[in-house]
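*Asks:* First the structure, which I've put down as structure tokens, then a few questions once you've had a look.
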Amino acid sequence: MAASDDFKEYLKAGKIVDALTLALGEAIELEITTWVSSESATDASGSNNAGQPLPGHRMKTRINIVDGDIENEVGSQFLGYGPYTDLKQFHLEQVQAGRQVLQHNIATLQQLFTIMTSTLSQVSHASRRQQGENPPLPPST
């Protein structure tokens with residue numbers, strides 16, 4: 001199940017803290033992979049890897065906003081006069097779009113935390129007020 005589906009399920013179940021914890025965990029890292037697949041893709045051992053990129057046939061960027069790390073992997077087929085050099089610009093555009101998604105996710109999480117903090121404060125205040133208006137009955141003798 002995708003993280004977004006898990007998030008929705010937590011919300012439906014009323015598990016707000018679990019939903020926000022999941023969202024925060026997912027919002028801190030983004031991985032973008034551009035690769036060229038082939039129906040007849042086989043690796044050096046002859047294994048069929050149609051669902052996986054062959055070595056040198058992918059570009060991958062991982063961005064971690066907590067640590068400030070950005071890791072890039074560029075396969076040899078994307079360099080120089082390789083057959084996939086035209087895809088470099090596409091990958092860079094995807095990385096830029098990914099950064100915007102991360103920024104949007106962080107802004108959304110900040111809004112959620114603000115709303116949650118405000119709501120919890122109001123609930124706590126109302127609870128204290130209710131306890132003050134209706135003090136518990138003293139034990140009977």
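*Asks:* Take the stretch 2-15 and flag every residue that is closer than 18 Å to residue 65 by Cβ and modelled with pLDDT of 80 or more.
*Replies:* none
*Asks:* Name the residues in the stretch 16-34 that are buried (at least 16 other Cβ atoms within 10 Å of the Cβ) and at pLDDT 80 or above, would you?
*Replies:* Hits for the stretch 16-34 are 19, 22, 30, 32, 34.
*Asks:* Look at residue 51 and say whether it is closer than 30 Å to residue 119 by Cβ, over 16 Å from the mean Cα position of the chain (by Cα) and either part of a loop (DSSP other than H, G, I, E, B) or at pLDDT 90 or above (or both).
*Replies:* No; evaluated as a whole, the condition is false for this residue.
*Asks:* Assuming residue 109 fulfils every condition listed in (1) surrounded by 14 or more Cβ atoms within 10 Å (Cβ to Cβ); (2) at pLDDT 90 or above; (3) not in a strand (DSSP E or B) apart from one, which condition is it?
*Replies:* Here residue 109 clears every test but (2).
*Asks:* Give me the pairs: first residue in the stretch 51-68 and in contact (Cβ under 8 Å) with a residue 40 or more places away in the chain, second residue β-branched (Val, Ile, Thr), beta-carbon distance under 8 Å, and six or more apart or on different chains, which are they?
*Replies:* Sorted first by the residue in the stretch 51-68, then by its partner, the pairs are 65/28; 65/106.
*Asks:* Here is a further query. Check 75, 82 and return the single one that is more than 30 Å from residue 25 (Cβ to Cβ), modelled with pLDDT of 85 or more and surrounded by 10 or more Cβ atoms within 10 Å (Cβ to Cβ).
*Replies:* Every option except 82 fails the conditions.
The values are calculated or read from the model by the stated rules, or taken from the named source; none is laboratory data. This is a predicted model, so every value here is computed, not measured. All Cβ positions, even for glycine, are placed from backbone atoms using ideal geometry, and neighbour counts span all protein chains on display.
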